[in-house]
Structure formats: C-alpha cells, structure tokens
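Bear in mind that the values in this text are calculations on the coordinates, not laboratory data. From a predicted model like this one, the values you see are computed outputs, not experimental measurements. Because the Cβ atoms are built from the backbone with ideal geometry, glycine has one as well, and the counts that use them run over all protein chains shown.
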Amino acid sequence: MDANELLKIARDKSVEGRETLGKVVSDLFADGHTVLSDRERTITLDILHQLVHDFESSVRKTIAENIAEWPELPVEMAIFLANAEIEVAYPILSKSGVLEDEALVEVIHQRTMEHQLAIAIRQSVSTDVSDALVESGHEEVISKLLENGNASISEKTMEYLVDEAERVDSFREPIIRRDDLNPKLAQRLYLWVSAALRKAITDKYDLDENLIDDLLEKSAVQTFAKLVSAGSKQRKSDLLADELIDDGIVDVELLMQSLRAGEVSLFISLFTRMSGLREQLVK
C-alpha cells in the first residue's frame with residue numbers, strides 16, 4: 001500500500017473507516033517486512049499520531065494492540081497511550097519496550113490499579129519500578145509482581161515483602177518460588193507458612209526440616225542468653241519480656257516456645273505482662 005492509498009482511506013470519516021485506517025496503519029509498523037519510503041513513513045506517522053490523539057477509544061485500542069511491540073514506536077506516542085484508559089493502555093504497558101522507568105513510575109503514581117497490574121507483568125521490570133509498585137500498597141499488584149520471575153526486586157524490598165507475608169497469605173507462595181529469595185529471608189518466612197510451603201522451602205534450600213524447626217522454636221528466646229546484666233535470672237527474663245513486648249512479637253506461640261526451650265522464668269515474665277496477673281499468682 002502506497003501513500004496515496006493511505007490518504008484515500010484517511011479521508012473516510014466513518015467509524016468503520018477510522019477503524020480500518022487504524023488497523024492498516026498499525027499493521028504497516030507491526031509488519032517487519034514492510035519497507036516504507038521516507039515520504040510514506042512521514043505520512044503514516046502523521047496519520048497514526050492523529051488517530052491516537054483525536055479518534056475514539058476503539059480505534060486507539062486497535063492501534064495500541066498492533067504497535068505495542070514495535071521497537072521504533074515514538075516514545076511520546078507510547079507515553080500518551082500508556083496513560084489512556086486501560087483498554088488502550090494495557091498492551092503498551094505490558095509489552096512496549098520503549099517506555100523507560102521514569103514514564104512507568106509516573107503511570108504507577110498517576111493512573112489506576114489496572115495500569116499497575118499491566119506494568120507488573122512486563123517482560124522486564126527494574127528495581128525502581130518494582131519499588132513503586134510495592135509502594136502502591138495494592139496486594140493484587142504486588143502478588144502479580146512477585147509471580148513475575150523477570151521482575152527485579154531489591155533485597156530491601158524483598159525483606160519488607162517477607163515481613164508483609166506474615167499478614168498477607170497471597171504473598172507467601174510466589175515469594176518462595178522466586179530465585180532471588182535468599183536463605184536468610186526464607187528461614188524467616190518459614191515461621192508463618194503452611195506445611196506444604198515449608199516443604200518447598202526446605203527442598204529448595206536443602207535445609208533439614210527438624211533442624212530448622214528447632215532453630216525457629218529457639219529464635220524468640222535467643223536474646224535471653226545474651227543478657228549480661230548483673231541481676232537475677234528473673235530480672236533478665238523481665239528485661240527480655242519488656243523488649244519482646246515493645247517489639248510487638250509476643251503471642252501464645254511464643255509462650256509455648258519459651259516453655260519448650262526450658263525458659264520458665266521468661267514464660268512467667270511474658271505471661272504476667274500479657275495477662276495482667278501478679279507474678280506470685282502465675283508461679
């Protein structure tokens with residue numbers, strides 16, 4: 001198709017004509033075998049620019065779907081489409097390689113959760129873009145990001161997400177499946193996942209399940225042995241109990257762990273603080 005034919009189609013102002021024009025023009029760019037002269041290229045880009053900015057959503061959607069993976073897509077046009085309604089923006093956000101991190105982060109901050117979901121499944125996601133997606137706070141978006149093995153997630157952000165996984169069940173399995181989860185964070189995650197996911201952790205990191213269980217049971221009371229103040233054992237227990245309560249990590253499971261570890265004094269200190277009972281009654 002030459003430039004004259006393009007201009008002829010462009011003069012058809014009907015909805016059908018516009019949709020046909022959108023498909024023809026975008027197909028020219030999507031087809032890597034089509035060679036355009038400089039004049040044809042200029043005319044085609046001008047028509048495409050008008051279609052993208054002035055015509056209805058159905059035309060822009062058709063164009064976006066056809067040019068999303070075009071490596072020579074003008075950045076200005078890609079940014080415009082990326083900020084459009086999600087039906088138009090989705091193929092650009094999820095597939096276009098011309099969008100840089102700055103533009104993607106701006107979309108994350110300014111557009112909808114659906115726009116964020118499209119970005120989360122991109123073939124490549126940088127740590128800066130991942131950070132912006134996580135900062136959005138949308139659990140569905142974060143889950144999609146974690147499921148994307150091509151997304152780069154910084155160690156600091158991964159540490160935050162492992163902590164969040166205690167509260168958000170949907171984070172747990174995709175985190176465990178990631179190749180960039182280090183053994184230290186995997187051990188922390190082990191505390192609150194199901195038996196099936198615990199097995200996945202021990203298999204992936206070649207950890208002895210009995211050993212890791214023993215370590216986890218003792219982890220909450222390790223500080224006890226490090227207290228070197230001159231007071232009595234009960235005084236040391238009181239200090240540790242205060243520290244654990246201040247950290248907000250005291251629960252029934254921790255009480256049971258302290259008993260299993262043989263730290264009766266620590267159990268008494270924790271229980272008196274949780275129950276409000278006098279120490280003499282607890283003993």
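Extension gain for Glu87-Glu139 works out to 16.6 nm (0.36 nm per residue, less the C-alpha to C-alpha distance).
When each of the peptides 146-158, 93-105 is scored by the mean number of other C-beta atoms lying within 10 Å of its residues, the order from highest to lowest reads 93-105, 146-158. 3J(HN,Hα) couplings calculated from phi for segment 170-177 with the Karplus curve 6.51 cos²θ - 1.76 cosθ + 1.60 (θ = phi - 60°) are, in sequence order, 5, 7, 5, 5, x, 5, 4, 6 Hz; Gly and Pro show x. Placing pseudo-labels 7 Å out from each Cα toward the beta carbon at Asp180 and Asp163 gives an inter-label distance of 1.9 nm. Shown in residue order for segment 64-76 are the 3J(HN,Hα) couplings computed by the Karplus curve 6.51 cos²θ - 1.76 cosθ + 1.60 at θ = phi - 60°: 4, 5, 8, 10, 4, 9, 6, x, 9, 4, x, 4, 4 Hz (x for Gly and Pro).
If the segment from Glu69 to Asp128 were pulled out straight at 0.36 nm per residue, it would be longer than the present Cα-Cα gap by 19.0 nm.
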